[in-house]
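These notes are about the structure you will find just below.
The values are calculated or read from the model by the stated rules, or taken from the named source; none is laboratory data. Here the structure is a predicted model, which means the values were calculated and not measured. Glycine also receives a Cβ, built like all others from the backbone with ideal geometry; neighbour counts cover every protein chain displayed. Remember, those area values only see protein heavy atoms, side chains included, never the ligands or the DNA or RNA. Shrake-Rupley method; radii C 1.70, N 1.55, O 1.52, S 1.80 Å.
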Amino acid sequence: MLVRDAVEPAGARSEFESESERIAIAPVVAAIVIIVGTAAAIYHPVAGYDFLNFDDRLYILDNEAIANGLSVETIVRAFTEVFHGNWPPMAILADAYDVTLFGFEPGWHHLSSVAWHVLNSVLLYFLTLRLVKSWAAAMCASVLFLVHPQHMEPVVWISSRQHLVGATFFLLCLLAYTRYVRTKGRWEYAGMVTSFAAAVLAKSMMITTPFVLLLLDLWPLGRFRDGASTRRAVLDKLPLFGICLLYGVALYTREVDQGMIHSVDEVTLGARLDNVLVAYSMYLQSIVSVDALSIHYPDTMGDTPGTTLALIAALLGGISAGAALTVRKFPMIFVSWFWFAGMLFPVSGIVSYHYHCMADRYAYVPHMGIAIGVAALGHRLLRSRPAAIAGLALAMGFAAYFASVSTDRLPRFRNDARLFAEAIERYPVNPFATICLAYEYSGNGYYLEAVSMFQRTLEVSKWQSLRNDANQIIALNYDHIDAPAIAYPPYREVLQERPEDEMLPGRTKNAFDAMQAHAKEIETLEAQLRENDSAPIEDLERLAQLYALNGRTNESIELYERAAELGLAGNEVSEGIIDALTLGGRPHEALALARDAYAQTPEHAEVAYLYIRALLRAREIAEARSALAMSAERFPAHAGMSRLHRLLAD
């Protein structure tokens, strides 16, 4: 009865069905100009951005299916192959078309994603206008959606374009459906079904679209007037539910086969519900509070106190109950809330993917429901001219705030290191972000900094797969700095976990052989020093290095101090001792030494550089970035400082 009482009396045609569409050109042109201009003002810097290593290499740069652009072969492969556990053929074709137009020039790929976002904002404007019948409400909804900082991730992260392409077809589906309700035309119905299929084939979470259409049947379409109209409304969705079933079974089977979904044995139902509740609370908070956004939010999976979960459950239950109780007077609240909550459910953690609690990109389409609902509620309540002006001013105030946060955060997407450093600052217990930042350090030649972050992953990760990855790359990084005695134990540990890895036995043997070679070299140098107290300073330094590389920290420090007495340069002594302490698992002692040296000679570029690297090795990322910002200005000619600044600074 609540649903039927919320719409027109039985037998009546709804206002939506009986009212013809009238579009004035001037407001539409003004809206498009404002949307395009605002997008250009915020996102124009992305023309100079590069691809990210985080999945852009997998989906774009190293993706053989799109290497030659759009072709018959590309189309066949897009629809028949699974790409790293995902099956988004429409998004793959969109990427291939960009390759046809622009090759692998990253700036144009970024601008293409911005164009998709602008298109979605324009389509949202038309959808809101059709549903709410207010130019001002439609303008507010589309601009707020356009500038919201949480939407930056799918716009600037190229391999996340699946959400943009899926959103476009989702909106086209809704526009076709609302047109079909008015006209009952076959072409409109065909457009709805086709657009829905394309949306699902671009992004799997669009599988909830039929649920959204049923909500629109409640308001504003008014199709639940009586039993006959309700049956008609449900029957209209049957082809969509059929597509959902076929796609859902196919995708789930493929992802289980590829190990993309954790089993109930790996992640219990209780742990999943924990993550679901926390994810919903975070998605709710980030609608307005956008100061703590991150490229990665670590999963909670059983770590949240029971009282906190109870409070979140009570909050969500209260919102749902309030929406249901007010559905007669304010049906737009019911529709917008369950649009938002329903579309998020499949990606809330109930099906356990990867290692995250939530993701900004998942909020892209659910936020459309909130935008339309808020616009409609404002249009209903703010009838007087002063109230309407006040509401418009409030909306524009939020738009200005969102645009400011978006503009400030955009430079973080220049490279992966900045994004994952931000994620760790926001959420320190973040094993996936630490391992990704470690990869960035390693790829840029900062091997000890990388080892420190990989070790952090070992300390905080409950996922054995991440721990195995961390151990293996720790060993590889020690190999890079010629420390086989330290590399050998993690190699052996990973070999026990991954006996099927064809590369590990050889690497483990090589580390063992190199360790034996180091032992012989140490034995030779020690013999020379025993025979000759005035051995060359180079021999002392080399032996000190070998001691450090083999975990003999105290002996290394003693030799460096002895070499200093014989004339080894002070900065070389400091660097050697700091490296020895770090290799010996004492990074905070190394940091204390580097901090003292920096306090005494802050004008020395090499000392400042060593201090910043010691901060990174001690995982003091925020302090390192602050010191780096100052030092890069003071020492612009220092190559290492400039390289670190490009990697980490905003």
Packing-ranked peptide list from 594-604, 427-437, highest mean Cβ count within 10 angstrom first, is 427-437, 594-604
Within the range 490-524, DSSP-loop trypsin sites (Lys or Arg not before Pro) with at most 14 other C-beta atoms within 10 Å are none
With Rg from the Cα atoms and Rh as the Kirkwood inverse mean 1/r over Cα pairs, the range 110-241 has an Rg/Rh of 0.99
Tilt, helix 209-218 to longest principal axis of the chain (alpha-carbon atoms), in degrees rounded to tens, equals 40 degrees
Taking every C-alpha to C-alpha distance in the range 566-629 and binning by 5 Å from 0, the per-bin percentages run 4, 21, 31, 25, 14, 4, 1, 0
The lysines whose Cα lies under 19 Å from the Cα of Lys520, excluding any fewer than 8 residues away in the same chain, are Lys509
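Please calculate how many Å² of accessible area the range 135-232 carries per residue, with a 1.4 Å probe and no DNA, RNA or ligand atoms counted. Walk me through the numbers on the way to the answer.
Values: 2540 Å² over 98 residues.
Per-residue accessible area for the range 135-232 comes out at 26 Å².
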Counting only protein heavy atoms and rolling a 1.4 Å probe, one gets per residue an accessible area for the range 528-614 in Å² of 49 Å²
Given 20 °C, 1.002 mPa s and a Kirkwood radius over Cα pairs, the Stokes-Einstein diffusion coefficient of the range 428-470 in µm²/s is 218 µm²/s
Of 279-287, 158-166, ordering from highest average Cβ density within 10 Å down gives 158-166, 279-287
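Taking every pair of Cα atoms in the range 37-90, average 1/r, invert it to obtain the Kirkwood radius, and report Rg/Rh to two decimals.
For the range 37-90, the value is 1.10.
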Those chymotrypsin sites (Phe, Trp or Tyr not before Pro) from the range 27-107 that are DSSP loop and have at most 10 other Cβ neighbours within 10 Å turn out to be none
Taking the convex hull of the alpha-carbon atoms of the range 423-567 and averaging its shadow over every direction gives an area in square nanometres of 10.2 nm²
From DSSP H assignment alone, runs of 4+ in the chain each adding -39500 (n - 2.57), the sum over residues rounded to the nearest 500 puts [θ] at 222 nm at -22500 deg cm²/dmol
Share (percent) of C-alpha pair distances in the range 323-395 greater than 17 Å works out to 55 percent
Computed over the chain: longest principal axis from alpha-carbon atoms vs helix 89-102 long axis, angle to nearest 10 degrees, is 70 degrees
With T = 4 °C, eta = 1.567 mPa s and Kirkwood Rh from C-alpha pairs, the Stokes-Einstein D of the range 298-437 in µm²/s is about 71 µm²/s
Here the FRET efficiency for Arg380 versus Ala40, based on Cβ atoms and R0 = 35 Å and rounded to 0.05, is 0.60
Hydrodynamic calc, the range 349-502: Kirkwood Rh from Cα pairs, then Stokes-Einstein at 4 °C with viscosity 1.567 mPa s, so D in µm² s⁻¹ is 68 µm²/s
Given Cβ charges of +1 for Lys and Arg and -1 for Asp and Glu, the option among Leu240, Leu316, Pro154 whose Cα lies farthest towards the positive end of the dipole of the chain is Leu240
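Can you tell me how much longer the chain between Val28 and Phe241 gets when fully stretched, taken as 0.36 nm per residue apart minus their C-alpha distance, in nm with one decimal?
Length difference between fully extended and current span is 73.3 nm.
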Computed over the range 520-650, the convex hull of the Cα set has an average projected area, in nm², of 8.4 nm²
Quick calc: nm separation of the 7 Å Cα→Cβ label points for Ala228 and Asp408 -> 5.9 nm
Treating only Lys and Arg (+1) and Asp and Glu (-1) as charged, each at its beta carbon, one finds that the chain has a dipole about its Cα centre, in Debye to the nearest 20, of 4420 debye
Taking the convex hull of the alpha-carbon atoms of the range 354-417 and averaging its shadow over every direction gives an area in square nanometres of 6.1 nm²
Output ordering of 439-447, 456-464 (per-residue mean of other Cβ within 10 Å, highest first) is 439-447, 456-464
As straight-line cross-link partners of Lys203, the qualifying lysines (C-alpha separation under 20 Å, not fewer than 8 residues apart within one chain) are Lys237
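Above 39 angstrom, tally the Cα pairs of the chain and express them as a % of all pairs, no decimals.
41 percent
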